[in-house]
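What follows is a single structure, written as structure tokens, with notes after it.
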Amino acid sequence: MLRKLLTQTSSRRLLFSGVPPLFSKSTISPFSSLSSSPEPPSSESPAVEHPGTTISIDRSSLYTPPDHSHESTPDSELVKHLKSIIKFRGGPISVAEYMEEVLTNPKAGFYMNRDVFGAQGDFITSPEVSQMFGEMIGVWTVCLWEQMGRPERVNLVELGPGRGTLMADLLRGTSKFKNFTESLHIHLVECSPALQKLQHQNLKCTDESSSEKKAVSSLAGTPVHWHATLQEVPSGVPTLIIAHEFYDALPVHQFQKSTRGWCEKMVDVGEDSKFRFVLSPQPTPAALYLMKRCTWATPEEREKMEHVEISPKSMDLTQEMAKRIGSDGGGALIIDYGMNAIISDSLQAIRKHKFVNILDDPGSADLSAYVDFPSIKHSAEEASENVSVHGPMTQSQFLGSLGINFRVDALLQNCNDEQAESLRAGYWQLVGDGEAPFWEGPNEQTPIGMGTRYLAMSIVNKNQGIPAPFQ
Ligand code: SAH
């Protein structure tokens, strides 16, 4: 089965020959410490101290934008909106609320109105690097569907599908498995109308009912539905959930230990009318989640904690996923950059493939944070005793164990030199970092890989046993 999946040729992206990707959201390595450029504190607000980090970002080769602080540019709609929230609330907002507005504000959020991916956009993701990524996720879903006893009807849910490239490659890659593709109802959870349109296009959909957001993808003849949240996806049916680079976009709260105990880092407007970070003078509601997260920390982590980043939205989403999988059967696959440890301070902003200040021109840059994998594991286990959690393992191990090396070999049989070069570059970007034992070795031109910075974790219904390739 695995072999058949890996060696068959898919019809379109067989020889992907796109522009080599320039940058991934993961250009992060353990060299210098992360500073999100906190502004000086006001007289009444405590200073935000520099993080004593366990996470760090290599900014050595980064372009530093010129300081235009002397120029006053008119506030964008989003800046006006954020300032009005702070004004009418009568005080600063949490980093999480800032992040949520910046990314998904219906009018001006970063994701809401345009295609942000690829060389022309702000960052690149694995499905955009190579068709092999979506194909390997296809292998994973077919294997789990087999373990589920080949159900006749399955909801295949993707959270945050971006351009829809992963799903398109998955459907093309699995199209020969008629029983599998015929069982599928695809549910795309996407908040951005602009990206929903792009997904519709890339999945080659024809509308069944535009009012109900329902279409059929001609790639595999499967029905496709769109939703704003996972709760909207109908339950009661075995479910496969894919979340690739979704969790990193979910809002995070940041806490810092001070002489007054744990304080939440907040976003305020200074006297110069610019955004700046301050510390909350008293406990905030998110402190409840902080306490919960701390109970899952190891004694060593607890001892070193000075800064902690938590994502209550990620915890709640995981619980929703685990309950669904626990009662309906199936499983979820989460792939993202993150750590198998508590996260201290990882929030970053990326515009046009460069790191920028988190508070600078909100809505024009992507904001993302490292994913806290232990928190996903504990949230899932807490929500349902019918699920088991596996991993995390590195993306390199995950794709390697599913057989990406066989797949690249099969594709290389049928291509010219230029296409072969593009395939190899894509392969190395997916599994690379010098730790993938599956190829001869990268050359100087090979882009930095995502193989070890990205981690894969799976939550499955216990009836399904251990999912591939976590055995
Ligand atoms: N999985 C894709 C895209 C990752 S970017 C890929 O790997 O290429 C994050 C995606 O999640 C985008 O499609 C964005 O619009 C969507 N998204 C972000 N926050 C969301 C939210 N709160 N609800 C629904 N979709 C969201």
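The values are calculated or read from the model by the stated rules, or taken from the named source; none is laboratory data. These figures come from a predicted structure and were not determined experimentally. Because the Cβ atoms are built from the backbone with ideal geometry, glycine has one as well, and the counts that use them run over all protein chains shown. Just the protein is used for accessible areas: all its heavy atoms, side chains included, with ligands, DNA and RNA removed. Shrake-Rupley method; radii C 1.70, N 1.55, O 1.52, S 1.80 Å.
Just a few scattered comments:
- Here the mean projected area of the convex hull built on the C-alpha positions of the range 252-382 is 10.0 nm².
- Distance from the range 366-414 to the range 182-260 (C-alpha centre basis), Å: 19 Å
- With K and R counted +1 and D and E -1, the other residues having a Cβ less than 10 Å from that of Ser94 yield a net charge of -2.
- You can think of it this way: the chain between Ala119 and Glu382 has 90.6 nm of extra reach, that is 0.36 nm per residue less the Cα-Cα gap.
- Residues Ser273, Ser84, ordered by accessible area of protein heavy atoms at a 1.4 angstrom probe radius and largest first, appear as Ser273, Ser84.
- With a 1.4 Å probe rolled over the protein heavy atoms of all chains, the accessible area of Arg163, Arg302, Arg293 falls in the order Arg302, Arg163, Arg293, largest first.
- Between the alpha-carbon centres of the range 341-364 and the range 101-171 there is a gap of 22 Å.
- Accessible surface area normalised per residue over the range 277-423 is 37 Å², counting heavy atoms of protein chains with a 1.4 Å rolling probe.
- Probe 1.4 Å - accessible area at Arg453, Å² to nearest ten: 40 Å²
- Reciprocal mean inverse distance between Cα atoms of the range 230-319 - Kirkwood radius, Å: 15.7 Å
- Computed accessible area, Ser364, all protein chains, 1.4 angstrom probe, square angstrom: 30 Å²
- Dipole moment magnitude, nearest 20 debye, the range 241-393 about Cα centre, only Lys, Arg, Asp, Glu C-beta charged: 140 debye
- Dipole in debye (nearest 20) - the range 74-126, about Cα centre, beta carbon charges: Lys, Arg +1; Asp, Glu -1: 240 debye
- Under a model in which nothing but the beta-carbon of Lys, Arg (+1) and Asp, Glu (-1) is charged, the range 139-268 shows a dipole of about 180 debye around its Cα centre.
- Förster radius 35 Å - calculated FRET efficiency between Glu182 and Asp409 (Cβ-Cβ, nearest 0.05): 0.75
- Cross-link pairs beyond the 24 Å C-alpha cut-off, checked among Lys292/Lys323; Lys304/Lys462; Lys87/Lys107; Lys313/Lys377; Lys176/Lys204; Lys83/Lys107: Lys304/Lys462
- FRET efficiency for Thr73 and Ala228, using Cβ-Cβ distance with R0 set to 25 Å, rounded to 0.05: 0.20
- Enclosed volume per residue, in Å³, of the convex hull spanned by Cα atoms of the range 155-215: 82 Å³
- Accessible surface of Arg114 - all protein chains present, 1.4 Å probe, nearest 10 Å²: 90 Å²
- Environment charge of Leu317, counting only residues whose C-beta is closer than 12 Å and scoring Lys/Arg +1, Asp/Glu -1: +1
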